[in-house]
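Okay, structure first, notes after.
The values are calculated or read from the model by the stated rules, or taken from the named source; none is laboratory data. These numbers come from a predicted model, not from an experiment. Don't worry about glycine lacking a Cβ; one is built from the backbone with ideal geometry, like all the others, and counts go over all protein chains shown. To get the accessible areas, we keep the full protein, side chains included, count just its heavy atoms, and leave off ligands, DNA and RNA. Shrake-Rupley method; radii C 1.70, N 1.55, O 1.52, S 1.80 Å.
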Amino acid sequence: MTSEHPTPSGPHDLALDPPPGCPAHGRVPGTPARLYGPGAEDLGELYEQLREEYGPVAPVLLHDDLPMWMVLGHAENLQLTRSPSHFTKDTRIWAPQRDGRVRPDHPLMPHIAWQPICAHAEGDEHRRLRGAVTAAMVTIDDRSTRQYIHRAAQTLVNRFCEKGTAELVGQFAEHLPMAVLCQILGMPEEYNDTMVAAARDALKGSETAVASHEYVVGALSRLTSRRRAQPDEDFASHLIADPAGLTDDEVREHLRLVLFAAYEATVNLLSNVLRMILTDPRFLAQLNGGEMTVPEAVEQSLWDEPPFSTIFGYFAKQDTELGGQRIRKGDGLFFAPAPGNVDPRVRPDLSAHMRGNRSHLAFGSGPHECPGQDIGRAIADVGVDALLTRLPDIQLDCDEEELRWTTSIASRHLVELPVHFEPRSQQDVKLRPSHAHVPPQRMVPPMVMEPLPAPSAPPVPTPEPVPQPVAAPPFDASTALPPRRPNAWRRFLAWWRGY
Ligand code: HEM
């Protein structure tokens, strides 16, 4: 492969690069950058320094100074993901792993450990597993999914609309994707505050993360057995029935992949879009002027703050070249939407509005490109629209500077988004909103709807009734298991999420 881009500091070789300078005194120019510890507090800034120094592909170091490449260029990220003959996602060929340099309790091990899922597979096996996932996904009806998202969003708004204040990350963005994903997968009855708390806890890598993770996987295992015995019209049933003949383990692992990856990404997307709409003068002006649709705001957010900053990883199947760097067989590379999306060669002016342009890297590209992107977009589009329709006067309830994020290599997660608005009555979510249906594209600010009288019993965000499944055991993340010594998976998650 060739590259048209210069490499300011000349080609590097991961195997020959000297170790970086003393961690306490920063990096010696020309050496790989550590993605942890001092100097890695602001990864966005670090990526720009690396771009300046190395060009579109730069050498970096993980814990234990394990070498990787960070792909910073937009074109190079596309080249990486679209070249399955040169790069694979099969972690087993990563050189440090093959050479025994990755200790068994390395914080990254849970991610490095190969799993029998489409995200790690290639070739015929990838086609078999991904084919079953995408075939199950096309059975999801877009219109009814949008209606479901709208109803779930309305139900969440009912929980806080009478108060006049809310915290939108914890009370909205962290709930809506879980309600929708439980419905799509085929276990709407599992959606409740407990499931949301368990998923969040598992992703945070806290003391109770293992118990929380087991709680979520338990629900997915019960769903797998239930649908194997009694199929229905849902994602899990279609996955099981696919001619690819997935085993129960493969079904459960793909449900787990979908639930966690989709949940994490969509929560980040929703939070980011809401924050952007509430704080960014470009958007406030454009929205008030009626020039910007919610879907355009979502697309802009996917450029500026991709829900996954980077993805670990792709691995070279042969000696090759990318962005002017010599890549050796077995080298690992981060697919990196965050720095790729701000590559000055595609975005010379970062303040420019992208006007719905979808050529960002947020959903990846090539054979592993996200198959769930329409669902992710629908949750953000319809969810934000529904919220703004109900609370058109919503405003940030703190100084913008007070907003905080947890940052890791993988993602940035907004911690809280406090808002205030005129208190309003609850609305019957079963009744159609005044503008009749959920439009795929609508202008903001929306029409102000007359609030309906409060229903006799305050609704809680429970999805439509379904036949009762095997009851889930009661769960309390704080007491489910005594705090254990952090295991490798938990330490990895804690480090990855920046906790
Ligand atoms: C805003 C929301 C989402 C974002 C930003 C996102 C982003 C991504 C990215 C970057 C990848 C990896 C691409 C690569 O490795 O090269 C991916 C893979 C994947 N995503 Fe999503 N995703 C989102 C929502 C969803 C949803 C809603 C689902 C399912 C309902 C889903 C299912 C998957 C699956 C199964 C894969 C693995 C595909 C494969 O390896 O072949 N994602 N996603």
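For this structure, a couple of remarks:
- Hey, Ala362 part of a loop (DSSP other than H, G, I, E, B), at pLDDT 95 or above, within 16 Å of the ligand (Cβ to nearest atom) and buried (at least 21 other Cβ atoms within 10 Å of the Cβ) or not: yes
- Ala229 vs. criteria among the small types (Gly, Ala, Ser), more than 30 Å from Leu396 (Cα to Cα), within 16 Å of the ligand (Cβ to nearest atom) and surrounded by fewer than 24 Cβ atoms within 10 Å (Cβ to Cβ): no
- Residue within region 335-356 that is farther than 22 Å from Asn268 by Cα and in contact with a strand residue (DSSP E or B) (Cβ under 9 Å, 6 or more places away or on another chain) present: no
A quick yes/no check of all residues on (1) at pLDDT below 95; (2) among the hydroxyl-bearing types (Ser, Thr, Tyr); (3) more than 24 Å from Gly376 (Cβ to Cβ):
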position	(1), (2), (3)
Glu207	yes, no, yes
Ala211	yes, no, yes
Arg226	no, no, yes
Thr247	no, yes, yes
Leu255	no, no, no
Ala261	yes, no, no
Val267	no, no, no
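- Test: Arg127 is closer than 22 Å to His238 by Cα, open to solvent by 30 Å² or more (accessible area, probe 1.4 Å) and within 10 Å of the ligand (Cβ to nearest atom): yes
- Condition broken by Ala352, with the remaining ones in (1) closer than 29 Å to Val60 by Cα; (2) free of Cβ contacts under 8 Å to residues at least 12 places away in the same chain satisfied: (1)
- Residues within region 153-176 that are farther than 15 Å from Thr266 by Cα and touching a residue at least 40 places away in the same chain (Cβ under 8 Å), tallied: 13
- Test for Ile112: is it open to solvent by 20 Å² or more (accessible area, probe 1.4 Å) and within 12 Å of Gly332 (Cβ to Cβ): no
So that you can scan it fast, the table gives a plain yes or no per residue for (1) away from the ligand (no atom under 16 Å from the Cβ); (2) under 18 Å from His413 (Cβ atoms); (3) open to solvent by less than 10 Å² (accessible area, probe 1.4 Å):
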position	(1), (2), (3)
Glu214	yes, no, no
Gly218	yes, no, no
Leu239	no, no, yes
Thr247	yes, no, no
Glu250	no, no, no
Asn268	no, yes, yes
Ser271	no, yes, yes
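- Of all the numbered requirements in (1) within 16 Å of the ligand (Cβ to nearest atom); (2) part of a loop (DSSP other than H, G, I, E, B), Asp349 misses one, and that requirement is (1).
- In the set Leu387, Leu414, only one residue is more than 16 Å from the ligand (Cβ to nearest atom) and either of a type in the set (A, V, I, L, M, F, W, C) or farther than 30 Å from Trp69 by Cα (or both); that residue is Leu387.
- Filter result for Gly356 (more than 8 Å from the ligand (Cβ to nearest atom), open to solvent by 20 Å² or more (accessible area, probe 1.4 Å) and on the phi > 0 side of the Ramachandran plot): yes
- Total residues in region 252-263 satisfying the condition of being within 13 Å of the ligand (Cβ to nearest atom) and open to solvent by 10 Å² or more (accessible area, probe 1.4 Å): the figure is 7.
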